[in-house]
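Written out below as structure tokens is the structure these notes cover.
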Amino acid sequence: MQQPSPPLPGGADVIDVEQAEAALVEHYPRLVRLAYLVLPPGLGRNRRVLTAHSVTQRALPRGRTATAPPTLPAQRG
């Protein structure tokens, strides 16, 4: 196990992005289930599953750009 990073002068600890990403990936199935449960049931099961995955994937720090806004999968008409 790694030693915790030393505190910054302001008192805030440095959070390692790699460790945060690893924690999110490790708990991905639980996070998707949680997102599924909080989505409105009126969306339907399939739509809720897709949206739950989308919401969870947006929490991952990699591949995000400041110019591209997050999007949800398109709903069928």
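For the reader, a short list of remarks on this structure follows.
- Accessible area of residue 47 in the full protein assembly, 1.4 Å probe (Å², nearest 10): 40 Å²
- You can think of it this way: the chain between residue 59 and residue 16 has 14.0 nm of extra reach, that is 0.36 nm per residue less the Cα-Cα gap.
- In the complete set of protein chains, residue-level accessible area for residue 32 is approximately 20 Å², probe 1.4 angstrom.
- Averaging 1/r across all pairs of distinct Cα atoms in the stretch 14-63 and inverting the result yields a Kirkwood radius of 11.5 Å.
- Counting only protein chain heavy atoms and rolling a 1.4 Å probe, the accessible areas of 33, 45, 58 rank, largest first, as 45, 33, 58.
The values are calculated or read from the model by the stated rules, or taken from the named source; none is laboratory data. Owing to the predicted nature of the structure, the values given are computational and were not obtained by experimental measurement. Surface areas here come from the heavy atoms of the whole protein model, side chains and all, with no ligands, DNA or RNA. Shrake-Rupley method; radii C 1.70, N 1.55, O 1.52, S 1.80 Å.
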